Each structure stands twice: as structure tokens, then as C-alpha cells.
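Below is one structure, written out as C-alpha cells; comments come after it.
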Amino acid sequence: MAIVSGETDSRKVINCPYDIKADTVGIMVDISRPVLLMMTFRRVLLICTFCSPMFPKPYFGRLWRAYLSGLFTATLVFIVLRFLPQTDIKESETSTRDEELVDHHAENLQLPNPNEMTNFELQNERSHHPKAEFDQTYHLSLSEQIVNQQNAELEVVQRANHVRHFCQGKPGHLKGLPRRNENFEDIIIDKERKFMFCPIFKVSSTFFTRLFYSLRLFGEVKNPYRIPIGQALQAKTHNLNELLPLKGSRAQKFLSNATSFLIVREPLSRLLSGYMDKLFAPNPYFWNKIGNYIVSRYRPQATPIEKICGYNSTFNNFVHYVVDVNTSPRGRQYRDAHFIPANEHCKICRLNYTLVGKIETLSTDLYNILRRLHIGVTKDQLADWEKDVVKDAIIDSVESPFLWRHRVSKCMPWSSALKRVWRKLQSRAIIPLEEKFPFSESRSNFIKAKEFIATAYRTYLRADKTRLKRQKRQVLAMAYKTVQPITMAKLLKNLEFDFKLFQYSSQPDFLFDKNFVKETDKLPNIFDMTGL
């Protein structure tokens with residue numbers, strides 16, 4: 001080992017036979033200069049003693065004593081430093097044992113070894129913790145975050161593997177069908193970026209339409225919530241029909257190299273969301289397309305205006321309709337993509353999807369899916385997007401009814417229509433169930449969309465967010481509690497394939513936990529307009 005003395009531009013190296021630790025090196029550098037000065041001083045004394053007889057002798061005696069005293073001090077310091085390597089070994093052994101202990105705990109917790117962290121992770125670690133103030137607790141927390149991220153990345157792949165294995169032996173599995181039976185116009189493709197996406201209605205399909213529209217428009221992803229819905233929906237997209245036949249060389253080449261994905265949702269939650277959006281809340285288009293059929297067929301006691309407008313189908317009527325059109329030939333012409341099982345949307349057992357995300361874990365899954373697609377997006381960006389989720393949901397729920405006001409008012413009082421919008425926001429856990437409709441009947445006739453949106457958003461901001469999370473399941477419980485048991489059993493049977501395919505429980509707690517269901521008896525019923 002070499003100890004460097006002097007400045008960087010004029011180094012003098014003194015060989016040292018001992019393996020002295022870094023702190024000792026600093027000390028030796030400090031004492032090396034006085035030692036050199038003492039040696040030079042000794043030479044001067046010898047020259048003066050023998051070559052300058054005229055110089056007074058007593059002064060030489062004092063100078064020699066000073067020299068010997070300094071030499072003794074330097075020797076003593078050197079002897080003390082001689083024993084420091086032994087101390088260093090002990091400290092090194094202690095440090096090694098501590099590192100082994102940390103590694104042992106990391107192994108038991110299935111955490112990555114700190115020595116195996118990537119350069120990025122190490123850099124991130126050091127940026128938060130200087131060497132002198134390293135916090136082991138935070139280090140383990142960071143490791144847990146890394147493990148969680150790795151697990152989340154694997155999850156979207158494992159779900160796709162499960163779908164693939166579950167589809168084994170199903171008709172048309174991963175095979176091209178005769179052209180007359182093929183229709184893949186709903187499956188979006190991007191030949192340049194080599195990905196394929198199948199949107200499922202009521203599973204953030206509008207969000208992804210806006211997301212990929214921004215990608216085509218700007219060449220990078222922008223905040224989807226800042227893009228007008230109508231603009232994104234009307235934009236031209238490319239679909240898998242352009243590559244047909246499916247077993248042709250063009251289609252096979254694309255499918256073998258593309259990353260394909262879809263987003264799924266708990267089946268019963270998806271169904272309730274479809275009902276609240278298309279039939280319960282003011283929606284003249286779906287009232288006319290589906291609602292009047294449901295009311296006429298399943299509500300014989302309905303009033304003439306209800307049958308004509310189709311606005312007052314109960315949730316029990318709706319579930320009965322869903323079971324019938326999905327399990328029997330009767331009324332199949334009234335099937336709608338919003339209300340059919342998710343597995344029928346995307347030719348799931350015919351196409352080899354590589355990634356499957358879930359709306360329940362969308363923030364995590366979205367980040368991992370976009371990474372797989374080589375679309376640059378940071379977690380900070382996603383966090384920024386999330387700030388606009390609620391406001392966008394309120395705007396989406398409020399603006400459309402105001403645009404349809406003239407048609408809606410022909411079927412029901414405008415104040416009743418706005419109360420249904422309020423209930424819809426409560427079903428989405430944006431507004432607490434206990435919050436009464438804030439406008440009188442007369443005030444409702446003059447209120448503008450912007451004022452309604454602002455009032456709803458202020459109500460959300462002051463709400464207890466923990467209670468709102470629980471409210472989602474409470475709304476599911478009180479909604480399905482209104483369905484007749486025999487109809488409910490048929491519905492669960494109809495959705496059995498979706499439950500198994502996407503790994504959701506066919507016995508969710510909001511249906512089968514009696515205590516939880518009973519708890520909802522004390523809450524305002526989501527479909528009750530009189531108490532609002």
C-alpha cells in the first residue's frame with residue numbers, strides 16, 4: 001500500500017508495509033511532513049556543529065534536545081499506529097457479520113440482495129441516503145417496493161398465461177376461422193408500434209381510446225383526460241380486419257411479433273356499471289334501443305309513457321333481460337355489447353393475448369403494460385393523470401344528460417333526471433350515499449351543467465375517501481339484493497366462464513357475506529328517488 005503526500009501535482013510516495021485503513025492513511029499523510037522536516041533539521045544541525053566552530057555551543061545543545069524530543073514523539077505515534085491494523089480487522093469482521101445478518105433477513109423475506117441491485121437502483125439508493133447516514137429500514141422498504149414492482153410485472157403476464165391454458169380445447173382456439181365468420185373490427189392494432197388492444201365496454205374502454213388517440217396525434221402519450229371524448233371516439237383507428245384472413249401470412253406475422261393486451265373487470269361490477277350508465281341515468285338512446293324492450297317485456301304493469309320511453313326498468317328487470325338474451329334465442333336481437341359476457345368481446349380463445357390487466361389494479365397494470373409496449377410514461381405522469389379521474393367522471397356523467405335535456409324532459413321531470421345523475425355518481429363512489437340532492441325542483445330547472453359539476457366535485461372533495469372505497473361494494477350489495485334468487489343463480493351461471501377465465505370469485509363477499517349485506521340495510525337505497 002502507498003501513502004501519498006504532497007499536492008496532486010507533486011506527489012511523493014512513501015511505501016508502507018502495513019495495510020492501514022483509510023482513516024489511518026489520513027493521519028500518516030499529516031505526520032509525514034513533520035518527519036521530513038525533522039530529518040532536514042537534523043542534517044542542518046550536523047553541518048552547523050562540525051562546520052561552524054564560531055557558533056555558540058549552548059545553542060546547539062538546546063537544538064539537539066528539541067530534535068530528540070520531536071523524534072521521540074514521532075516514534076511513539078508510529079508505534080501506536082502500528083497496532084491499528086488489528087483493530088481494523090476486528091471492525092471489518094464486525095461489518096462482515098452485520099452484512100451477513102442483513103443478507104440473512106433479506107433472504108428470509110425474499111428480498112433482493114443489496115449487492116445484486118442494478119446501477120439505477122443503487123443510484124436511487126445513494127441519492128436518498130449518503131453513506132454516513134444509511135438507513136437500513138428504508139433500504140428494506142425500497143427492496144420491498146422493487147419486489148412488488150417485479151410481481152406486478154409478472155402478474156399481467158401470468159393472467160394471460162392462465163387465459164391461454166383455460167382456453168385449451170375451446171372451439172376456434174388460436175385458429176383462423178372461415179372468412180365469412182370473421183369480424184375483428186373492434187380489435188385495435190398499431191402496425192408501427194406492433195401492439196394490439198381489445199377494448200371491452202364498461203372497462204375503461206374510453207380511457208384507452210383517448211390514450212391511443214393522443215399517441216397517434218402527438219407521437220407520445222398525453223394526459224388522456226385532457227382530450228375531448230368525442231374527438232377521440234370519432235378519430236380513425238386501424239383494426240384487425242385489415243389483416244384478414246387471420247391465418248394469412250400478413251396476419252400471422254403481425255400476431256407473432258405484436259404485444260396484445262386487454263383490460264378486464266369483475267363481471268358483476270361491470271354489469272351494474274352498464275345498467276347505471278345506459279338505463280338508470282338519463283340516456284334516451286339506450287332507453288329507446290334496450291329500455292323499452294325491457295320495460296315492455298318484464299314490467300307489464302308499467303305506464304304507457306314508461307313503455308314508450310323505456311326509462312324505468314328496474315335492476316331486477318335488467319338482470320332478467322341479460323340472462324335471457326345471453327342464454328336463449330329469445331330476444332337475441334336485443335343483445336348489446338355493453339351487457340354480454342366479456343369473453344365474447346375479444347375472441348379471447350381465438351387470439352393469443354400476451355398481457356391481461358384488471359381495472360381493479362389499473363394504475364399498476366397500466367404502467368407495466370405501457371412499459372411492455374415501449375411507450376414512455378413515468379409513475380409521476382400516471383399520478384398526475386389520476387388527479388383528473390374523478391373530475392372527468394363527473395363531467396362525463398353530467399354533460400351528456402344536459403345535451404339530451406329536450407328528449408329527456410319528454411319522459412320525466414328534469415329534476416328527476418338530475419337526481420338520477422346524482423345517484424349514478426353515488427354508485428361510482430364519487431358522492432357519499434348520505435349526501436342529499438342539493439337542488440330544489442324549481443332550482444333544478446335553471447341550473448347549468450357547470451354549476452352541477454362544480455357542486456358534485458366540491459361534495460367529493462369534502463367526503464371521507466376511506467368510506468367511499470367501501471361504498472363501492474355496498475352499492476353492489478344493495479343492487480344485487482333486489483334481484484330475485486332464481487334470476488341471480490342464472491346470472492352467476494351465465495358469467496361462470498368470465499369468473500374462471502379472469503380469476504374472479506364466483507362468490508363475492510358483497511353477495512355471500514351475510515353480515516356485509518345486512519349492513520347495507522341501514523344505508524339509503526341506491527335506486528330510491530323518494531328519499532333523495
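Quick note: the coordinates plus some simple rules give every number you see, no bench work behind them. What you see is a predicted model, and the numbers here were worked out from it, not measured in a lab. All Cβ positions, even for glycine, are placed from backbone atoms using ideal geometry, and neighbour counts span all protein chains on display.
Tabulated data
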read-out: Label-point separation in nm, Lys289 to Lys481, each point 7 Å along Cα→Cβ; value: 3.2 nm
read-out: Alpha-carbon centroids, the stretch 212-241 and the stretch 395-419: separation in whole Å; value: 28 Å
read-out: Rough spin-label spacing in nm, given labels placed 7 Å along Cα→Cβ, for Gln333 and Arg299; value: 2.3 nm
read-out: Surrounding net charge for Arg405, when Lys and Arg each add one and Asp and Glu each subtract one, Cβ distance under 12 Å; value: +2
read-out: Sum of side-chain charges, Phe212 neighbourhood, beta-carbon under 10 Å (Lys, Arg +1; Asp, Glu -1); value: +2
read-out: Using a Förster distance of 22 Å, the FRET efficiency for Glu220-Asn257 (Cβ separation, nearest 0.05); value: 0.50
read-out: Sum of side-chain charges, Ile263 neighbourhood, beta-carbon under 15 Å (Lys, Arg +1; Asp, Glu -1); value: +1
read-out: Among 463-469, 473-479, 386-392, 499-505, the order from most to least packed when residues are scored by Cβ within 10 Å on average; value: 473-479, 499-505, 386-392, 463-469
read-out: Long-range HN-HN contacts of Phe195 with modeled amide H, under 5 Å; value: Asp190, Thr259
read-out: Over 26 Å (Cα to Cα) - which of Lys278/Lys391; Lys387/Lys469; Lys379/Lys436; Lys191/Lys500 fall in this group; value: Lys379/Lys436; Lys191/Lys500
read-out: Fully extended contour minus Cα-Cα distance, from Asn161 to Arg458, at 0.36 nm per residue; value: 102.6 nm
read-out: Distance in nm between pseudo-label sites at Gln168 and Gln231 (7 Å out along the Cβ direction from Cα); value: 4.9 nm
